[in-house]
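These notes concern the structure reproduced below.
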Amino acid sequence: MKKLWQGRFNEESSELLEEFNASINFDKNLYEEDIKGSIAHAKMLGKCNIISEHESKEIINGLKQILFEIENDRFIFKTEDEDIHMSVEKRLSQIIGKEIGGKLHTARSRNDQVALDFRLFVLKQNKEIANLILSLVSTLKDIAKENLDTLMPGYTHLQHAQPVSLAYHLMAYAFMFIRDYERLVSSYERNNLCPLGSAALAGTPHPINRELTALELGFSKPTFNAMDSVSDRDFALEFLFNISVLFTHTSRLCEELILWSSQEYGFITISDQFSTGSSIMPQKKNPDVAELIRGKTGRVYGNLISLLTIMKSLPMAYNKDMQEDKEGVLDSTKTTKDSLIILTQMLKTTKFNKDNMINACKKGHLTATDLADYLVREKGINFREAHYITGRCVALAESKNLDLSELSLDELKTIHSDFDKNVIDILNLVNSKEARKSYGGTSNRSVEKQILIIENFLKDKLS
Ligand code: ARG
């Protein structure tokens, strides 16, 4: 089988090489970007009189036909054609003839072609994933709005710490995901530059116009140095890193959903639609979706480490190692989109068991910090001493098998004579949540402000 690069070779490729060298099995996913890039290139070649207007039009029509063929399953991808770039170019010559078809590759190389296709693909996926993050944030915010008064324990070290609202807890995640969104947006802006026209590594003597192709393809401008342009995969690394941080967050959320759905917590009931059963234990209802998202974090991190490692010692400029850049990105892209869609849907159908959450607040002396703060504020006791007195109150409650909030005034007075009847309100769970009015704190006013910030953000991004 004759290759497009056959000229200097006297022997046929080994079949082993053909299989090993080919990327068509996965880079066929870039067909749209490849054809779009070729159309822009052909247009530019025509405008710059490098090929005639007629040739340019012929090439563009041929490329459009190939797009139609691929999208209607009429295109046969063959290993012997090696990659998407050569598959399309070969087919073009079959459709419009070699004489004109052979002119498309003027002033470009597969090196800038693949850099372009892959960058276009990553930028497109970046946008789609960013939008899916907005839907997740919007869902978290909707649930938060309904649960300003749903008390639950806030934890440190997975031990009961202070009372918070479910709204407050979910808003913590909303702000994490907003950062993920912003990281994707900033990466998009930084990488929205066009490498097409860099050719193999050194530019081209043909009088091309790189601004023209850059604008035609929706980039802000061309990249600056041809060698860097064909060697650079930072856009993919940033994308994989940004997705990895996103998965750190989804994994933490899923971990909590898994805990909360356990019998020990009982805070949520995941809907039947998003739960699975056991093949042996008839009573089981398992949170597989959340577990899978937590588990998929492994491959997402793996894909980042893989590309970092591929790139780390490559000399300038293009090296075939870089063909290994695509499968991890394709995998992480699909994993992320599927996970965000299903997580959002699962949250929408999850039931929050408010009574269990509130009952959980009655264990673990959640208002102990409020008691210490009261002694400082109202009784002029220094915080260290107040901490000690409160600790003694907690010990007393424990000895009586009670929660701190269940001790009577008389019982508290046996620890310190300064306690007065106001202290009973201080130990109240709702009052405790409402007392923390500091910016970013748990009071409903503060959480409403947080919700408003997210609502304005979403309005701005979705308009
Ligand atoms: N299939 C190759 C890749 O994905 C395309 C670029 C090939 N360039 C070359 N000089 N062999 O990286």
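Normalised by the number of residues in the chain, the mean separation of alpha-carbon contacts (under 8 Å, six or more apart) gives a relative contact order of 15 percent.
Which translational diffusion coefficient, to the nearest whole µm²/s, is obtained for the stretch 197-353 from the Stokes-Einstein equation, given a Kirkwood hydrodynamic radius over C-alpha pairs, 25 °C and 0.890 mPa s? The estimated diffusion coefficient comes to 130 µm²/s. Taken over the Cα atoms of the stretch 344-387, the convex hull encloses 118 Å³ per residue. Charge dipole of the chain (Cα centre as origin; +1 on each Lys and Arg Cβ, -1 on each Asp and Glu Cβ, all else neutral): 660 debye, rounded to the nearest 20. Given their separation in residues at 0.36 nm each and the Cα-Cα distance between them, LEU409 and THR276 gain 42.9 nm when the chain is fully extended. A convex hull fitted to the Cα coordinates of the stretch 396-463 yields 101 cubic angstrom per residue.
Does the stretch 283-395 come out rounded, prolate or oblate, given a ≥ b ≥ c as the square roots of the eigenvalues of its C-alpha gyration tensor, rounded meaning a/c under 1.5 and, failing that, prolate meaning a/b above b/c? Oblate, since a/c reaches 1.5 and b/c is not below a/b.
The stretch 129-194 and the stretch 200-250 have Cα centres lying 30 Å from one another.
Net length available on complete extension from ARG252 to LYS334 is 27.5 nm, with 0.36 nm assigned per residue and the Cα-Cα distance removed. One quarter of the convex hull surface built on the alpha carbon atoms of the stretch 299-347 amounts to 3.7 nm², the projected area averaged over directions. The simple spin-label model puts a point 7 Å past each Cα toward its Cβ; for GLU12 and ASP228 those points are separated by 4.6 nm.
Considering only protein heavy atoms and a probe of 1.4 Å, how much of the accessible area of the stretch 9-63 is carbon and sulfur, as a whole percent? Using a 1.4 Å probe with all protein chains present, the stretch 9-63 comes out at 48 percent carbon and sulfur. For ALA202, project a label point 7 Å along Cα to C-beta. Then give me every residue of the stretch 103-147 with its amide nitrogen under 18 Å of that point. 106-113, by backbone N distance to the label point. Dividing the alpha-carbon radius of gyration of the stretch 190-246 by the rule-of-thumb value 2.2 N^0.38 Å gives 1.27. Of all stretches in the chain that contain no GluC sites (Glu not before Pro) in a DSSP loop with at most 16 other Cβ atoms within 10 Å, the longest one is 13-263.
In the stretch 193-348, taking the dipole from charged Cβ atoms about the Cα centre, the farthest positive-side position among MET346, LEU237, SER271 is held by SER271. Each residue of the stretch 373-389 is assigned a 3J(HN,Hα), and the resulting list reads 4, 4, 5, 5, 5, 9, 10, x, 8, 5, 4, 4, 5, 4, 4, 5, 4 Hz, derived from the Karplus form 6.51 cos²θ - 1.76 cosθ + 1.60 (θ = phi - 60°), x at Gly and Pro. Using only alpha carbons, the chain has a radius of gyration to Kirkwood radius ratio (Rg to Rh) of 1.15. Each Cα pair under 8 Å and six or more residues apart adds its separation to the average, and for the stretch 54-193 the resulting relative contact order is 19 percent. 3J(HN,Hα) along the stretch 268-276, derived from phi through the Karplus expression 6.51 cos²θ - 1.76 cosθ + 1.60 where θ = phi - 60°, amounts to 9, 10, 6, 5, 4, 4, 10, 10, 10 Hz, with x in place of Gly and Pro.
Based on Cα atoms of the stretch 98-254, Rg over Rh with Rh as the Kirkwood radius reads 1.21. Simple spin-label model, 7 Å along Cα-to-Cβ: ASN359 to ASP149 in nm? Label-label distance for ASN359 and ASP149, simple model: 2.1 nm. Heavy-atom accessible surface of the chain, averaged per residue, reaches 50 Å², computed with a 1.4 Å probe.
With contacts taken as Cα pairs under 8 Å and at least 6 residues apart, the stretch 289-373 reaches a relative contact order of 32 percent.
Principal axis extents of the C-alpha atoms in the stretch 6-97 (largest first, rounded to whole Å): 42, 34, 19.
Taking the helices alone, the chain has a mean residue ellipticity at 222 nm of -20000 deg cm²/dmol, built from -39,500 (n - 2.57) per DSSP H run of at least 4 residues and averaged over all its residues.
Karplus-based coupling profile of the stretch 3-8, in residue order and whole Hz: 8, 5, 9, 5, x, 8, with θ = phi - 60° in 6.51 cos²θ - 1.76 cosθ + 1.60 and x standing for Gly or Pro.
One Cα centroid belongs to the stretch 36-55, the other to the stretch 312-376; the line between them spans 47 Å.
Within the full protein context, the accessible area of TYR301 is estimated at about 90 Å² for a probe radius of 1.4 Å.
Treating r as the C-beta distance of CYS48 and PHE26 and R0 as 22 Å, the FRET efficiency rounds to 0.10. How would the stretch 259-345 be classified by its alpha-carbon gyration tensor: rounded, prolate or oblate, with rounded meaning a/c under 1.5 and the a/b versus b/c comparison settling the rest? Because a/c hits 1.5 or more and a/b exceeds b/c, the stretch 259-345 counts as prolate. Counting only protein heavy atoms, what percent of the accessible surface of the stretch 181-228 is carbon or sulfur at a 1.4 Å probe? Heavy-atom surface of the stretch 181-228 belonging to carbon and sulfur, 1.4 Å probe: 55 percent.
For the stretch 399-418, the residues whose amide N sits under 18 Å from a probe point set 7 Å from the Cα of ARG377 along the beta carbon direction are 405, 418.
The values are calculated or read from the model by the stated rules, or taken from the named source; none is laboratory data. Predicted model, so just to flag it, every value in this text is computed and none were measured. So basically every Cβ, Gly included, is an ideal-geometry build from the backbone, and we count neighbours across all protein chains shown. All accessible areas refer to the heavy atoms of the entire protein, side chains included, with ligands and DNA or RNA removed. Shrake-Rupley method; radii C 1.70, N 1.55, O 1.52, S 1.80 Å.
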